[in-house]
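Before any comments, here is the structure.
The values are calculated or read from the model by the stated rules, or taken from the named source; none is laboratory data. Bear in mind that the values here come from a model prediction, so they are computed numbers and not experimental data. When the accessible area is computed, the model is the full protein with side chains, heavy atoms only, and any ligands, DNA or RNA have been set aside. Shrake-Rupley method; radii C 1.70, N 1.55, O 1.52, S 1.80 Å.
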Amino acid sequence: MEKKVFGYPKFDESGEMILTTYDNEYRDMLMDIRVYNIKEGERRDFSCNEEEAAVLLLSGKAVFIWEDGREPVSRKDVFTEGPYALHFCTGKEVSVEAEEESEVLVQRTRNSREFQTRLYVPEDAPWKYSSVGKFGNVAKRRVSTIFDHDIAPYSNMVLGEVLNDRGNWSGYLPHRHPQPETYFFKFDHPEGFGASFVGDEVFKSVDNSFSAIPGGKLHPQSVAPGYQMYTCWMIRHLEGNPWLQTDRCEDEAYVWLHDAEF
């Protein structure tokens with residue numbers, strides 16, 4: 001099966017949109033990532049075996065339900081309100097009941113460790129500006145890390161969000177790391193678009209598209225002027241080599257920009 005690095009998935013009749021799986025053309029991501037549109041009054045089960053999973057609310061109003069918890073959550077959209085994400089281990093019974101039409105992203109990967117279910121709320125993952133004033137201020141963006149190796153060392157995954165300012169870059173300077181990473185994109189207007197670079201390849205990022213970035217590939221991205229771009233970024237740790245915030249490896253050809261005047 002041919003391996004790919006870009007994707008333009010669609011929702012099927014059941015409201016499921018498949019991004020990466022363990023055996024499709026994006027299998028190098030080592031994650032199963034899907035988005036679900038859940039109708040008002042509908043309840044979906046996300047329990048799993050031999051996997052950990054995170055259920056991230058993208059929009060709507062719903063109730064997250066797990067073995068010893070039940071929590072109502074709501075999010076107008078990814079551009080104006082922060083994330084709610086339920087992170088749980090293998091063997092847990094987890095479901096989402098929509099009180100109004102809702103959209104959730106579900107990130108899974110293989111992990112047999114047991115750990116306590118945790119609900120991350122917006123206060124746990126505040127937006128922080130990155131690259132303010134650098135590179136002519138065209139790489140200024142807001143970054144939110146929901147959980148990583150420092151926060152959840154028992155996990156095999158990283159989950160976070162980025163908001164590009166209109167016309168700006170993110171993932172900049174061009175950088176790489178050995179762990180695979182998947183970007184899922186949304187735009188504040190349906191016609192919005194950007195560009196996603198993976199190594200020497202580039203594709204037009206549009207609403208609900210994604211890039212599957214193999215380990216070791218450079219991966220900056222940009223958004224067109226006039227539009228905000230949201231990116232859900234998901235990294236899979238490698239055995240004995242977890243991704244760390246300090247592991248960002250910028251390409252030497254571009255590091256001179258740190259000291260450049262614009």
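Observations on the structure shown:
- Entries of 92/217; 186/217; 39/140; 76/217; 92/140 with Cα pairs more than 31 Å apart: 92/217; 39/140; 76/217; 92/140
- Full-extension gain in nm, residue 241 to residue 12, via 0.36 nm per residue minus C-alpha separation: 78.8 nm
- Aspartates and glutamates with Cα under 18 Å of residue 3, excluding same-chain neighbours fewer than 8 positions away: 23, 25, 28, 32, 181, 200, 201
- Semi-axis lengths, largest first, of the ellipsoid equivalent to the stretch 1-52 are 23, 16, 7 Å, with √(5λ) applied to each eigenvalue of the Cα gyration tensor.
- Overall, the accessible surface of the chain at a probe of 1.4 angstrom is composed of carbon and sulfur to the extent of 46 percent.
- Ratio Rg/Rh, restricted to the stretch 40-122 and using Cα atoms, in which Rh is the Kirkwood radius: 0.96
- Accessible surface calculations at 1.4 Å, restricted to protein heavy atoms, place the stretch 122-194 at 38 Å² per residue.
- Debye log10 I(q)/I(0) at q = 0.14, 0.15 Å⁻¹ for the stretch 38-189, Cα point scatterers: -0.74, -0.83
- Calculated on C-alpha atoms, the gyration radius of the stretch 124-262 divided by its Kirkwood radius gives an Rg/Rh of 0.95.
- For the stretch 159-214, the fraction of alpha-carbon pairs in successive 5 Å shells from zero, as %: 4, 16, 30, 31, 15, 5, 1
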